[in-house]
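What follows is a single structure, written as structure tokens, with notes after it.
Nothing in this text is a laboratory measurement; each read-out follows from the coordinates by a stated rule. In this text, all values refer to a predicted model and were calculated from it rather than measured experimentally. We place every Cβ from the backbone using ideal geometry, glycine too, and count neighbours over all the protein chains shown.
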């Protein structure tokens, strides 16, 4: 009998906790900013240019964005804090493909299981990293195939 009473009390406490509407994370922005890209893949001849565009958005506002690709010395950072963290930002950059850009190269690729194998890569991968006003991060990529 004593065990039944304990089970009923524990069950009632569990129901009260489940019915509680208090959420300790309410009000915290835990969502990464999003990007809409009209085109993410390009085929460009050496010496040609690509116009990279993306619409970045987040309800808390966009803090900053950075386009990077070390092989071509591409590094462009835009800070939007001074603009009051716009809810949407139209990112645009012009990238010139170097005259000596590789058309293909061997690259080691590691799978999630730890195995490594060699692949022939043909697309250069430029990363666009951006943060919202709460420092949530997202990364999208532009791919350029050199003709």
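Structure above, values below:
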read-out: Relative packing of peptides 108-115, 81-88, 132-139, 45-52 - highest average C-beta neighbours within 10 Å first; value: 132-139, 45-52, 81-88, 108-115
read-out: Sum of -39500 (n - 2.57) over DSSP H runs of 4+, divided by residues of the chain (222 nm, nearest 500); value: -4000 deg cm²/dmol
read-out: Whole-Å semi-axes of the chain's equivalent ellipsoid (Cα gyration tensor); value: 48, 24, 10
read-out: Stretchable slack from residue 9 to residue 66, in nm (0.36 nm times residue separation minus alpha-carbon distance); value: 14.9 nm
read-out: For the range 108-147 and the range 37-68, distance of Cα centres in Å; value: 14 Å
read-out: DSSP-defined beta bridges in the chain - what % are antiparallel, rounded to 5; value: 90 percent
read-out: FRET efficiency for residue 139 and residue 115, using Cβ-Cβ distance with R0 set to 22 Å, rounded to 0.05; value: 0.35
read-out: Compactness of the range 75-147, expressed as Rg and Dmax over alpha-carbon positions, Å; value: 16.8, 46
read-out: Set of the range 114-147 residues, backbone N closer than 14 Å to the point 7 Å along the Cα-Cβ line of residue 81; value: 131-136
read-out: Residue 59 versus residue 32: modelled label distance in nm, points set 7 Å from Cα along the beta carbon direction; value: 1.8 nm
